[in-house]
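*Asks:* Pasting in a structure now, in structure tokens, and then I'll have a few things to ask.
The values are calculated or read from the model by the stated rules, or taken from the named source; none is laboratory data. Remember, predicted model here, so these are calculated numbers, not experimental data.
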Amino acid sequence: MGIRLIAGLALLAGMPVSAQGAMPDCGTGPAAAAAANAAGFDTLEWAPFRRPERGWAVYANKIAAEIATRCTIDTPGFAAALARWQVAHGLPATGVVDAPGFAVMNAGWTAARPRLPVASDGSCTPAPPGVLALASASESYGNKVIMLRRDALAAYRQLRAAAARELPPVDADWFRIFSGFRAPEADAQRCLVEGNCDGIVRAVCSVHRTGLAIDLHVGHAPGFGPDSSDDGNRRAMVRTLAYRWLVTNAARFGFANYVFEPWHWEFVPPSRSMASTRPPAPGKTK
């Protein structure tokens, strides 16, 4: 899929799908920066999550929402909006998507998520999951038994109902949950056995242990599952209406995203009682 089509899908990141309104003037702004963004969209060599990646298509919707633009990524208007954001955050106003600017964005996105308390020795000390509730069969993906904290499940149900109202008819599996609460002991054993809790694809101290994290089906590429972190699969996910709707609407219901994984969303209790007093380590905290 070409740059213009993928980028055009990012237009929905600026506001809810149900309230698009008139398009902004996207022809005014730095043309050279627009050209650089178009070139880097598929070619930027970087490692925003400590894993080499090529291009920033996976993050285009989140970036567009962050800089509050509905202009496509290859336009001067997008570059101008990014430049304004850069100035507001004390960065050079290049108007070009780059690793330093993305790191600032991601720090903000990470701070908005709940985190497990960490013991003084650095070990995981999961907070009690609280009262758990069972998701219904129609809410789970693949007939899995899904448990969530009651407040997280209630917020999820409000989110899903809103998506049904605000989106055209979509795939019946979209927004279904394929992972929720994970028992701390079992999750720790899985980390030990599989040896893949590297802070990128899986976390050592996972918010899933609290019942606040949900993995939602937002689509997938042919041949992949809804939780594959393959770059091609993630690119396919961020093109779906389900993911693009979540980018701009999930916060209305208290959910924040681990942006590396389009499917992973975390409920932030109003009290933020789960927040750690220690700064998050680089990489994944999900």
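*Asks:* Where residues in the range 206-239 are over 13 Å from the mean Cα position of the chain (by Cα) and of a type in the set (Ser, Thr, Tyr), which of them is modelled with the highest pLDDT?
*Replies:* The extreme case among them is Ser228.
*Asks:* For the range 151-179, which residues satisfy the criterion of being at pLDDT below 90 and of a type in the set (Ser, Thr, Tyr)?
*Replies:* none
*Asks:* Might you check whether a residue that is in a loop (DSSP other than H, G, I, E, B) and modelled with pLDDT under 90 occurs anywhere in the range 180-187? Please lay out each step first, then the result.
*Replies:* First, the residues of the range 180-187 that are in a loop (DSSP other than H, G, I, E, B): 180-183.
Narrowing further to those that are modelled with pLDDT under 90: 182-183.
Within the range 180-187, one or more residues are in a loop (DSSP other than H, G, I, E, B) and modelled with pLDDT under 90.
*Asks:* Restricting to the range 140-168, count the residues that are hydrophobic (A, V, I, L, M, F, W, C) and not in a helix (DSSP H, G or I).
*Replies:* Residues of the range 140-168 that are hydrophobic (A, V, I, L, M, F, W, C), as a first pass: 145-148, 152-155, 159, 161-164, 167.
Filter again for not in a helix (DSSP H, G or I), leaving 145-148, 167.
So the count comes out to 5.
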